[in-house]
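Right, one structure below, let's go through it.
Just so it is clear, none of the values below were taken in a lab; they were calculated from the coordinates. These numbers come from a predicted model, not from an experiment. All Cβ positions, even for glycine, are placed from backbone atoms using ideal geometry, and neighbour counts span all protein chains on display.
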Amino acid sequence: MAPAEPRERRLDVLVAVGTAVLAIGLLLGLPPLDAADPDGAGLGASVPAPFGTAWSVLAAGLLAQSAVLLAARRAPRTSLLTIAALPVVVAALAPGSSGLFGLTALPVVVAVVLVALRVPLARLWPTLIGAAALVVVGQSVVVSVAEGPGPLAQGLAASAGQGALQAVGAVGFPLLVALLVRSRREVRAARNAEASAVGRERDALVDAAVSRERAAMARELHDIAAHHLSGIALMSAVIDRQIDTEPERAHEGVRQVREQSTAVLDDLRRLVGLLRDDTPAEQAVETVAGILDLVERARYRSDVRIDVLPGARPLADGVGPLAQLAAYRTVQEALANAAMHAPSAPCTVVVDDRDPSRVVIRVENARAVVPAIGSSPSGGNGLRGMRERADLVGASLQTGPTATGGWLVTLTLGREAPPAPDGASDGAEVVA
């Protein structure tokens, strides 16, 4: 049995017992209270004698109605009709209980509330109409019999109005209360569902942001490792060949390896500083102008030349910082690939800044003249990272082999629109 079922069963028993105790308590307490009324106008002779026949039938009916409440969860509509039908039996068997017959409406009120909270209103309308009709019939029977001898049909018709009022009080008002409680419960459930949906959406946005940050960190780590470590591997291979025949050049190569190792440590330390919150990060912004220093450092390990074709404005003027960083990383990755796959082959970097609408950067290496020193098992990430950076800033990237057997990387960066000159306005005419 599920853990919730014992609690629900205990609640059903509590409701049924509470209804029975309240009904019997009123049945026992109302006559003495009525007798103590100094006005003397109250229930009067219509009150059955305690523990007499009519009183006992009425008490048995109230207990039976309360007992049927135990089935309100399993068979809500059937239990409601049964509870509403029992007063009709009581009215037929004990017409002398008219003074306290209204107590039979108490279990009906409880049943209407319980059923309306558990069954959709669209499926409950026939049951509610049937219960109201049974309440009208029961009240009409007991009133018509209590009024004295006469035609039964005429008595029922005369007491139908009083029965209708009893039905409104026993079925209509409790139904409104139950619908109000149910609507508030549905609103609360809707708010909880909305809050849960907002929480799931927030978690999804956080996961997406984390994924983007992971991809960005992966690109940065790849750029740093590919640029510096490929140079270290290439220079180490050269040193291994020179250490016996050309010791002086081997010593120079060792110094270059040390410089490259220091550079990669500095870059990694800067990247870690960006990821930490407790220390300020000192980040040097890589720009198109920094490509000149990048090529200068790359000359230690291979034959690299740079050709800058300047325009009328400052170098890369109008290119945003993210686009300039993408250009720097693209050249860095292209030089690392050239050093790894085409060692000792000459490489040329061209920065064409003459076009007023764009900046074109080309990195071209000649055909390899010696075997490559090897590649990483995760080959292809460099080109993928370059393309992702270009797409991120809206640049155009083209890569592929040249006609002479080399490799060419071309990156085209668009310039941002220059701001309108001060004092200019649409439709304004300048008068000298």
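Could you put Arg182, Arg255 in order, starting from the residue whose Cβ has the fewest other Cβ atoms within 10 Å?
Going from least to most buried by this count: Arg255, Arg182.
Could you please rank Phe101, Phe173, Phe51, placing first whichever residue has the fewest other Cβ atoms within 10 Å of its Cβ?
Listed from fewest to most nearby Cβ atoms, that is Phe51, Phe173, Phe101.
What net charge is computed for the residues neighbouring Ala72, neighbours being all others with C-beta under 10 Å from the C-beta of Ala72, Lys and Arg scored +1, Asp and Glu -1?
+3
Could you put Trp125, Trp407 in order, starting from the residue whose Cβ has the fewest other Cβ atoms within 10 Å?
Going from sparsest to densest Cβ surroundings: Trp125, Trp407.
How much net charge surrounds Ala111 when only the other residues with a Cβ under 13 Å from the Cβ of Ala111 are counted, with Lys and Arg +1 and Asp and Glu -1?
+2
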